[in-house]
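Have a look at the structure below before the remarks.
The values are calculated or read from the model by the stated rules, or taken from the named source; none is laboratory data. It should be emphasised that the depicted structure is a prediction, and the values quoted were computed from it without experimental measurement. Every residue, glycine among them, receives a Cβ derived from its backbone with ideal geometry; neighbour counts consider all protein chains shown. For the accessible areas, the whole protein counts, side chains as well, though only heavy atoms, and no ligand, DNA or RNA atoms are used. Shrake-Rupley method; radii C 1.70, N 1.55, O 1.52, S 1.80 Å.
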Amino acid sequence: LTRKLGELTESKLLERTIVSRRPTYRLTPAGTDLAPVLAMLGIWNQRWFPVRHPRRPPAAIAEAARSHGLKIG
């Protein structure tokens, strides 16, 4: 997880900050622009490769999907 978060930060999709001596991550504008694409891929995946107990998407992805008129769940 640490390695992947580092890669996403280096790619400028996430921004790392320290809050109360703990790292926190949030989407950058580039990450926010990518969120609807990820939401659409998740919807496609559920349609063609359904799983019994799908996980809820991260809030930023769900919000981006809703803002683009995509229905999740």
Positions within region 25-67 being of a type in the set (Lys, Arg) and either part of a helix (DSSP H, G or I) or touching a strand residue (DSSP E or B) at 6+ places or on another chain (Cβ under 9 Å) (or both), in sequence order: Arg26, Arg47, Arg66
Hits in region 57-73 - residues which are open to solvent by 100 Å² or more (accessible area, probe 1.4 Å) and hydrophobic (A, V, I, L, M, F, W, C): none
Cross-chain or 6+ apart pairs with Cβ under 9 Å, region 1-26 first and more than 19 Å from Pro58 (Cα to Cα), then open to solvent by less than 80 Å² (accessible area, probe 1.4 Å) and among the hydroxyl-bearing types (Ser, Thr, Tyr): Ile18/Thr24
Residues within region 2-43 that are on the phi > 0 side of the Ramachandran plot and either more than 14 Å from the chain's Cα centre (by Cα) or among the β-branched types (Val, Ile, Thr) (or both), tallied: 2
Extreme residue, nearest to Leu1 (Cα to Cα), among residues of region 17-56 that are loosely packed, with under 10 Cβ neighbours inside 10 Å and among the hydrophobic types (A, V, I, L, M, F, W, C): Ile18
